[in-house]
Amino acid sequence: MLKVYHAPNTRSIRVVWLLEELGVPYEKQTVDFSPAYLQSPAHLAVHPLGKLPAVDDDGLILNESGAIVQYILAKNAGSHLEPKLGTPAYGKYLQWLHFAEATFMPPVSQIIQHTFRKPEAERVASVVADAQAALKKVLAVLDGEISGKNFICGDDFTAADIMLGYDLYLCNLIRVPLDNFDNIRDYYARLSARPAFLKATGK
Ligand SMILES: N[C@@H](CCC(=O)N[C@@H](CS)C(=O)NCC(=O)O)C(=O)O
């Protein structure tokens, strides 16, 4: 059975949320999200950078959240969580699935690192200011895209919403102001009311 290495508030939420939406059985191993544990030989064996998430699927170790999501979907091909392979809708779906980690997350991570995760002496205020400006642009694009839609691909909830939903969960956690982004606020309200989201985030 697929084992998910998980810690609250981390990207492993994406994996648990996906598995809950699919109704696929899995084993969740909640680990200590401390530098000491993440850099321990036991954890480096499943994630050589000492991060989360990681999964162990009968000996196959994977540790990049978007890739894990695509792998699980490929093993559950034809699920309701992605458009039909090779269609234009699938192209758009893939774009947003990857946008979540490749474009949306970097400024969010920089804000987190330089406001509370790094030791105070290593925090750089200008990095936070630049990241906030970059994040505003990302949010404006997303807000425009989601306008008039229930989910990022239209009427149907997909795994791209799980990838993006985690980004919005973090924005909410670190209190990124969303006052000017009404469409995003409504979108996140829809996502965060889903039972699988509540289960994955422990709410
Ligand atoms: N691109 C990777 C990023 C993994 C990542 O940065 N994970 C964070 C938790 S959300 C982590 O483990 N950080 C611990 C650290 O950097 O020490 C993914 O999507 O899996």
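The values are calculated or read from the model by the stated rules, or taken from the named source; none is laboratory data. Here the structure is a predicted model, which means the values were calculated and not measured. Cβ: placed from backbone, ideal geometry, glycine included. Neighbour counts: every protein chain shown. Please note that ligands, DNA and RNA were not included when accessible areas were found on the heavy atoms of the full protein model with its side chains. Shrake-Rupley method; radii C 1.70, N 1.55, O 1.52, S 1.80 Å.
A few remarks follow.
- Flag for residue 45 being open to solvent by 70 Å² or more (accessible area, probe 1.4 Å), modelled with pLDDT of 95 or more and away from the ligand (no atom under 12 Å from the Cβ): yes
- Some residue of the range 71-80 being surrounded by 19 or more Cβ atoms within 10 Å (Cβ to Cβ), within 19 Å of residue 162 (Cβ to Cβ) and of a type outside the set (A, V, I, L, M): no
- Condition check for residue 198: in contact (Cβ under 8 Å) with a residue 40 or more places away in the chain and under 28 Å from residue 70 (Cβ atoms): no
- Residues in the range 49-62 that are in a loop (DSSP other than H, G, I, E, B) and within 12 Å of the ligand (Cβ to nearest atom): 49, 50, 51, 52, 53.
- Filtered residues of the range 14-28 (kept if surrounded by fewer than 19 Cβ atoms within 10 Å (Cβ to Cβ) and within 18 Å of the chain's Cα centre (by Cα)): 20, 22, 28
Condition check ((1) of a type outside the set (A, V, I, L, M, F, W, C); (2) surrounded by 14 or more Cβ atoms within 10 Å (Cβ to Cβ)) across all residues:
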site	(1), (2)
134	no, yes
144	yes, no
147	yes, no
154	yes, yes
181	no, yes
184	no, yes
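- Number of positions in the range 1-47 that are touching a residue at least 24 places away in the same chain (Cβ under 8 Å) and part of a loop (DSSP other than H, G, I, E, B): 14
- A residue that is within 25 Å of residue 53 (Cβ to Cβ), open to solvent by less than 10 Å² (accessible area, probe 1.4 Å) and not in a helix (DSSP H, G or I) can be found somewhere in the range 156-177.
- Pair list, Cβ < 9 Å and 6+ apart or interchain, from the range 51-71 residues that are β-branched (Val, Ile, Thr) to residues that are near the ligand (Cβ under 7 Å from one of its atoms): 55/63; 68/53
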